[in-house]
Amino acid sequence: MTAIAEEIVSDPALSARGNIWRSIARELKENHFPYLLLIPSILCFIALVIYPLASTIIGAFSKTDTVGRAVEFGALLNFRELVRDRYILNITIQTAIFVFGSVALTVVLSLPLALILNQRFPGAALARALLLMPWAAPLAISAMTWRWIFHDQLGALNYVLNTLNITQARIAWLSDPVLAFICVIFVEVWSSIPFMTIMFLAGLQSIPPHIYDAAKMDGANAWHEFWDMTLPQLKRITTIVTLLSIIWAFRSFNVIWPMTQGNPFFRTDNSVTYLYKLAFRSLSFGEGYALAFATFVFLLIFSVVYTRVLRSEEG
Amino acid sequence: MKAQKMNRREMLRLMALTGAGLATAAYVAPVAASQSHTFEAPNVAPPSAEKVSLRLMVMDYDENMKPDTQAVVDAFNASQDEIELKLEVVSWGQGHDILVTQISGGHPPDLCNVSAQWLGEWDAIGEVLPLDDLLSKEFLANFQPSSIKAFTNKKGQLVGMPYFLDPRAMFYRKDLFDAKGLNPPETWDDVIAAGKALHNPPDMIGYGQTFSAKSDALDYWWYAWFGVIGGDGNLSIWKEDGRSRLAEPEAIEATQWCVDLTQKYKITNEDYTTAGRDEELQPLFYAGKLSMLITGCWFPTLLKKNAPDLVYGLTMPPVKKAGMKPATGFWPDAMIIFKQTKYPKHAAKVLEFLFNKENRLAFAKQRGVIPERIDVGMDPEYAVSDIEKFFVKSLETAHNVYETPWPETYYQTLQLGFEVEVARAVAGEITAEEACKTSAAMIDAANGF
Amino acid sequence: MQRIQWFKWLSLVLYGIPMLLILVFPFIVMVSTSFKTLEEVSQIPPTFIPRNATLENYREVWNIIPLAAHFRNSFLLGVGETFLIMVLGVPAAYALARFRFAGRQPYLIFLLVTQMFPAIVVVLGVFRVVVALGLLNNLAVVAATAASFSLAFCIWLLVGYFSAIPPEIEEAAMMDGDSRLGAMIKMTLPLSWPGLVAVGVFAFMDGWNEFLFSLTFISNEEMMPLTVGLFRFISRFQIQWHHLMTGSLLATVVAVALFMTVQDKLTRGMLAISEK
């Protein structure tokens, strides 16, 4: 079912050949149609993407000045500094919790929402419009709004809780390290649910209706219908969207920064906000690049393992 | 299994090849860029009969910054036909990153107002143009000597013009103080007495402070420091030899004061590790829920807009003991010319226009900022209210927090290092002494001791 | 059948409605704030229904910043990115889904690699490229940059959709005399319409929400999109909440309305094609 994952891991057409460039050259002569289709996107990457990525990688191995230019070769200097950093271990743990926590929650919360919204009911169009709102709002500004909502005195949340008599306390949501971290994850999930739900909806709509017909004749109940038919059909899209969501969560900046800037004392930082502090605040751009590179290496390994594990699960 | 091995090898090879190719490309480009700017002759004559186009970037202080500055730019463009000045307005929160990107990309604006902190960073890598040869002595004689001195670097060069001087003061709820017969918060004891009498959360918070690395870093620690040292003492946080003074007893005492306000007397806001001065504390004061807040000279203008009926009083930041001379400080901004400009002389002309008496008087009145031109400060049109007189007077002795010569590592070591340590001390995680000693050691190490 | 109906309503009431309420909660605050005066914004406790409701903010925001121009620019970015992603992404995804050729897997992995670096450091390099090309203050460049950094997801998603469609369908069309390209356009694209719509929505939203590249490449206020333009309401010593909330609310509502109309038309059109 996980078509792409499977193919990445073993593509017989490719593994049979030794040198990739030679085989590309050979195939270009014999079978150039797919390459033609790739050309537009490749040109786009060459023009705009490759140089910035390469200069980040080079920066990780260079001494940099206070505006981020590589000045001279620095070997592993930046990485040594990074390992010595007092907070780096905490940041790593926080990043892991932030990324996997928020992505898992998003998936778990979005799927039921997509199933509900995929049905017909009065007001379905309105419900879908409301669903889209968090996605359509500028994220940096909605995160600032959340920060305002969470404020102990000025915020709407305590006001709602006090009015509903759930608590009479004025909780300073973003001042307690643990509470603040939960709030940050909450807003990250809040901001990703629309995207995830829309992707699930697209997945649900592409399930051919006739697969349910046979089941109905067999008298399968709704649960079995969901578990045995809907879920397997969604698996392909879920693997892709989850993989990308994890990668994106590693670069998520516009939730944490407007909300807490990593406060209190680096307890709500993830690797990107910390990297930003290293680079743009402490002006240690080299260390920032090194952290970006380390994250990249991790993600690359993770992506390969991710696809491989899925493959072995399939048997 | 075999297939997988092949794949990995191929992928690595592909990555290595692409990497090598890109490495060459990536190195060639910045080198070419930096060379072109090094070898460019300064002040190239503009193509004849064409106007020189210059970019003026301003960081906004308030919503009117754009129309106000646009009017000045239009007036400048109308006053001569040699230069076409273009205005770009940038939000403060984004200004530093945009400028870093533009400097590093070889495309900074010609002129820009920047925090003295950033000025220090970029002067250290030779990106800021010294102004001594471009501005006449007669012109510079118009300015408060202390404000000019504030932007003179280690080499004795003037690298920026004072653009926004913002001395700080204690704002307190005069009505509440009078009702309870409390002394104005001029000493620490006054603050404690008033805090105990007025602090009654959530309806009223006694004293506002924050250590969140937002706004201007560390300002609430500085106010405590001013209180310990006083107006007659040495307010520098650096020793003669360049080492940090943060491990000295005075610094520990200042930190302890911040800790005690929260931990011992319990008269502060609860969100002292996350609040922003501008985002949360000032609004709390507008809402009438905060009785004492130290903030800057821009605040009366905001109070007039946000809470016109609030009755408040003004004093200098409180001192440790009665009888000490109070002190305050300012976190100045400067207008600078970037060294990458192609037309330094033309940019200097813009600078002289921006800093003429008429424009600076208008700016001071629009922003509620303290004038750096002597003639503006004395102009009857400027100092009309007691508030303005108070701040003009306080500027005479105010300490420039960034200092001259400022250490290049200010931002790094103070903001990210010390402020976090102070925050942890105030939160009760470590002692004030630990916070100060760890930070001093860290700062000295960063400065090569 | 009865039981399923019952379950549907229960899940809607117990899960769907509370979820939607949480999702729109900040927008309730935005609506409330947009009718407040600056004075009432910082009142404690906050009010949900403004005491002195005013429409003033809705009038003022258009004058303080060039809001109409910001709307136009955001729309152009959204449409531009959608167009670019379709043109660049669909052929690439089709090639990657239908053919086995050397370099296929490395390309798929490379696509992921383009997603693995945080934008805040990458933008330094992109800025250098754009300066070198002399293309600052150009919306098309912003759209192209944003598109190239979002292409990866779109291609991956479309590969998934395309490879789920049996190639036999195309082969049948080719037997009938269609070219490969014709068969793809006639058969595969309509059959994968949910994926195309999803990618389209993603691309539009990505363009509409584009922030960092616009912030970096555009200094002319008339050319800024909403995301950047609205920051004028966040000045140094104060956030103009009443204006900021009004502006963001307008931005959000327009985007959603736009999306609803387009999605409706798109879905119907695609359905019509696929049912032919």
Next on the checklist: Let me check something: with ligands and nucleic acids excluded, how do B:396, A:225 order by accessible area (1.4 Å probe), largest to smallest?
Outcome noted: B:396, A:225
Checklist entry - Rounded to the nearest 500, what is chain B's calculated 222 nm mean residue ellipticity when only DSSP H runs of at least 4 contribute -39500 (n - 2.57) each, over all residues? => result -13500 deg cm²/dmol
Item to check | 1.4 Å probe, heavy atoms, protein only - residues of the stretch A:134-149 losing at least 50 Å² accessible area vs chain alone | outcome: A:135, A:136, A:138, A:141, A:144, A:145, A:147, A:148
Next on the checklist: Full-extension gain between residue B:78 and residue B:396, please, as 0.36 nm times their residue separation minus the C-alpha to C-alpha distance.
Outcome noted: 110.9 nm
Item to check | Solvent-accessible area buried by pairing C with A, both sides, nearest 100 square angstrom, 1.4 angstrom probe | outcome: 9600
Item to check | DSSP-defined beta bridges in the protein assembly as shown - what % are antiparallel, rounded to 5 | outcome: 60
Checklist entry - Using 7 Å Cα-to-Cβ label points, what is the residue C:58/residue A:235 separation (nm, one decimal)? => result 5.1
Checklist entry - How large, in percent, is the carbon and sulfur part of the accessible surface of chain B at a probe radius of 1.4 Å? => result 54
Checklist entry - Roughly how much of residue B:262 is accessible, in Å² to the nearest 10, using a 1.4 Å probe? => result 20
Next on the checklist: Check which residues have an amide H placed less than 5 Å from residue B:268's amide H, if you skip close sequence neighbours.
Outcome noted: B:207
Checklist outcome for this item: Ranked by GNM mean-square fluctuation in chain B (Cα springs under 10 Å), the top entry among B:286, B:172, B:207 is B:286
Item to check | Unit charges on C-beta of K, R, D, E only; dipole of the protein assembly as shown, Debye | outcome: 2280
Item to check | Pairs of Cα atoms farther than 41 Å apart, the protein assembly as shown, % | outcome: 44
Item to check | Net dipole in debye of chain A [+1 Lys, Arg Cβ; -1 Asp, Glu Cβ; about Cα centre; nearest 20] | outcome: 580
Checklist entry - From the residues A:100, A:155, A:206, which one has its Cα farthest along the dipole of the stretch A:88-268 in the positive direction, the dipole being from +1 and -1 charges on Cβ of Lys/Arg and Asp/Glu about the Cα centre? => result A:155
Item to check | C-alpha long axis of helix B:2-39 to longest principal axis of chain B, angle in ° | outcome: 90
Item to check | Rounded to the nearest 20 debye, dipole of chain B from Cβ charges on Lys, Arg, Asp, Glu | outcome: 1040
Checklist entry - Per-residue ellipticity at 222 nm for chain C, helices alone: DSSP H runs ≥ 4 residues times -39500 (n - 2.57), over residue total, nearest 500 deg cm²/dmol? => result -23000 deg cm²/dmol
Checklist entry - In the neighborhood of residue B:87, defined by Cβ-to-Cβ distances under 10 Å, what is the net charge if each Lys or Arg adds +1 and each Asp or Glu adds -1? => result 0
Checklist entry - What is the gain in length, in nm to one decimal, between residue A:162 and residue A:225 on full extension, counting 0.36 nm per residue of separation less the C-alpha to C-alpha distance? => result 18.4 nm
Next on the checklist: Tell me the relative contact order for the stretch A:88-268 as a rounded percent, counting alpha carbon contacts under 8 Å between residues six or more apart.
Outcome noted: 36
Next on the checklist: Residues of the stretch C:8-24 that become at least 30 Å² less accessible with every protein chain present than in their own chain isolated, using 1.4 Å: which are they?
Outcome noted: C:8, C:9, C:12, C:15, C:19, C:20, C:22, C:23, C:24
Next on the checklist: What are the ³J(HN,Hα) couplings of the stretch B:193-200, residue after residue, when phi is run through the Karplus curve with 6.51, -1.76, 1.60 and θ = phi - 60°? Round to Hz, x for glycine and proline.
Outcome noted: 4, 5, x, 5, 6, 9, 5, 8
Checklist entry - If we count every other residue with Cβ under 12 angstrom of residue B:203's Cβ, Lys/Arg +1 and Asp/Glu -1, where does the sum land? => result +2
Item to check | Computed over chain A: relative contact order in percent, which uses C-alpha pairs under 8 Å that are six or more apart | outcome: 30
Next on the checklist: Do any residues of the stretch C:25-40 show a loss of at least 20 square angstrom of accessible area between the isolated chain and the full protein assembly, using a 1.4 Å probe, and if so which?
Outcome noted: C:25, C:26, C:27, C:29, C:30, C:38, C:39
Checklist entry - Going down the list B:264/B:393; B:174/B:365; B:51/B:149; B:155/B:325, which pairs span over 29 Å between their C-alpha atoms? => result B:264/B:393; B:51/B:149; B:155/B:325
Checklist entry - In the structure displayed, which of B:289/B:321; B:266/C:36; B:66/B:357; B:66/B:86 lie more than 23 Å apart, Cα to Cα? => result B:289/B:321; B:266/C:36
Checklist entry - Could you state the number of Å between the C-alpha centres of the stretch C:24-61 and the stretch A:255-279? => result 30
Checklist entry - In the neighborhood of residue B:382, defined by Cβ-to-Cβ distances under 15 Å, what is the net charge if each Lys or Arg adds +1 and each Asp or Glu adds -1? => result 0
Checklist outcome for this item: Any lysines whose Cα falls less than 19 Å from that of residue B:437, other than same-chain ones fewer than 8 residues away, would be B:239
Checklist entry - What average number of partner chain Cβ atoms lie no more than 10 Å from the Cβ of the residues making up C:90-101? => result 6
Item to check | Residue-normalised accessible area of the protein assembly as shown, given per residue in Å² at a 1.4 Å probe | outcome: 39
Checklist entry - Which sequence of B:107, A:210 reflects their accessible areas, 1.4 Å probe, from the largest down? => result A:210, B:107
Checklist entry - Taking each residue of A:163-171 in turn, how many C-beta atoms of other protein chains fall within 10 Å of its C-beta, and what is the average? => result 1
Item to check | Inter-chain Cβ neighbour average for residues A:193-204, partner chain, 10 Å | outcome: 4
Checklist entry - Please state the relative contact order of chain C as a whole percent: Cα pairs under 8 Å, 6+ residues apart? => result 30
Checklist entry - How big is the gap, in Å, between the Cα center of the stretch B:84-151 and the Cα center of the stretch B:288-304? => result 29
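The values are calculated or read from the model by the stated rules, or taken from the named source; none is laboratory data. Note that the structure is a prediction, hence the values are computed from the model and not measured. Using ideal geometry, Cβ is built from the backbone for each residue, glycine included, and neighbour counts are taken over all protein chains shown. Side chains included, ligands, DNA and RNA excluded: accessible areas come from the protein's heavy atoms. Shrake-Rupley method; radii C 1.70, N 1.55, O 1.52, S 1.80 Å.
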